[in-house]
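The values are calculated or read from the model by the stated rules, or taken from the named source; none is laboratory data. If you're wondering where the values come from, they're calculated on a predicted model, not measured in any experiment. All Cβ positions, glycine included, derive from the backbone under ideal geometry; neighbour counts span all protein chains shown.
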Amino acid sequence: MRRIIIGAVAIVAVGAIGTAVTLAVSAQVSKPRLTPSGMESDGVVVTDIGAVATSDQMPANPTPDPTEAGETATPTPKATSSEKVDIHVYVDYLSPDAGKFERANARQFAGWINEGAVTVSYHPVALLTASSNGTKYSLRSAAAAACVATHSPAQFYAFNHDLLDDQPQVGSDGLSDEELANLAGAVGVDNGKAVRSCIENGDFVSWAKEATTRALDGPLAGSNDLVLTAAPMIVANGEAYVGALDDPAEFSQFVLSVASDASRETPTPTPTPTGTATPTP
């Protein structure tokens, strides 16, 4: 009788385990694969920078404004809507270099976007997923950025800037999902409940992983043959920037050079401004 009872219990236990595994696998298979909306080539085209275009939120040492400074002012690229310089910035929110580039160029980008001189797309990627004590902060923060881009696109630039401006250190745990959601709330996202749910449920974690793989395989958006090799990686009109990440003047000259090349290839090029206080028409 004891052997019969033990055998029956074992059969029930095995059946229960099999049922649990089946249900778990079925749930995983049936869970829809979510993709963020409003993306172009896995990037967010920034059109609204008003949320961070204030003196207390931008870098303390912005690039000089050529309309206010003297002959040493950094020229601003000028172009018609069809000739805008197309800039793609691939960012890992744990990368110190990505933060360095953002802090140096945020105000400059804001000015160019406001003037219609460039289009800027940010591409969240996760290259440092293994560098946060197992919390996968790089991956989770990229997914969180996609949540904001989907549910509150007008606040994406502010959220993106804050993630890069005040970063956790490589090797730390990074921010928790709750803290990422709180940061999104702090920049005034619309649909706060949807953003929080998206971040805390990891809705776009799989997308972030796949988007990173696509960038590593290439070609990167706007280029013919470039692949992601580091973060940040900045591509303007298909050409990769290889200069100093913390020198906005050098980056500006690179963008001007790219714009000039595009103008020479255009039948009716737009004049390039000089570095004087008042750009030459």
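Every residue, every condition in (1) of a type in the set (K, R); (2) within 23 Å of I49 (Cβ to Cβ); (3) surrounded by fewer than 23 Cβ atoms within 10 Å (Cβ to Cβ); (4) touching a helix residue (DSSP H, G or I) at 6+ places or on another chain (Cβ under 8 Å), yes or no:
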{"residue": "A142", "(1), (2), (3), (4)": "no, yes, no, yes"}
{"residue": "A145", "(1), (2), (3), (4)": "no, yes, no, yes"}
{"residue": "A149", "(1), (2), (3), (4)": "no, yes, no, yes"}
{"residue": "G222", "(1), (2), (3), (4)": "no, yes, yes, no"}
{"residue": "T229", "(1), (2), (3), (4)": "no, no, yes, no"}
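Could you say whether any residue in the stretch 96-115 is farther than 20 Å from A244 by Cβ, crowded, with 24+ Cβ neighbours inside 10 Å and not polar (S, T, N, Q)?
No, that holds for no residue.
Confirm whether T212 is surrounded by 15 or more Cβ atoms within 10 Å (Cβ to Cβ) and closer than 30 Å to A262 by Cα.
yes
From the list D97, D56, D92, which one is modelled with pLDDT under 95, closer than 27 Å to S172 by Cβ and not polar (S, T, N, Q)?
After applying the criteria, what remains is D56.
Go through the stretch 154-180 and give me each residue that's farther than 18 Å from K100 by Cβ and either over 16 Å from the mean Cα position of the chain (by Cα) or surrounded by fewer than 19 Cβ atoms within 10 Å (Cβ to Cβ) (or both).
Listed by number, the residues that qualify are A154, D173, L175, S176, D177, E178, E179.
Of the residues S138, S132, which is at negative phi and touching a Ser or Thr at 6+ places or on another chain (Cβ under 6 Å)?
Exactly one of S138, S132 is at negative phi and touching a Ser or Thr at 6+ places or on another chain (Cβ under 6 Å), namely S138.
Only one of G202, G188, G243 is surrounded by fewer than 21 Cβ atoms within 10 Å (Cβ to Cβ) and free of Cβ contacts under 8 Å to residues at least 40 places away in the same chain; which?
G243
Is it true that A126 is on the phi < 0 side of the Ramachandran plot, in a helix (DSSP H, G or I) and not polar (S, T, N, Q)?
no
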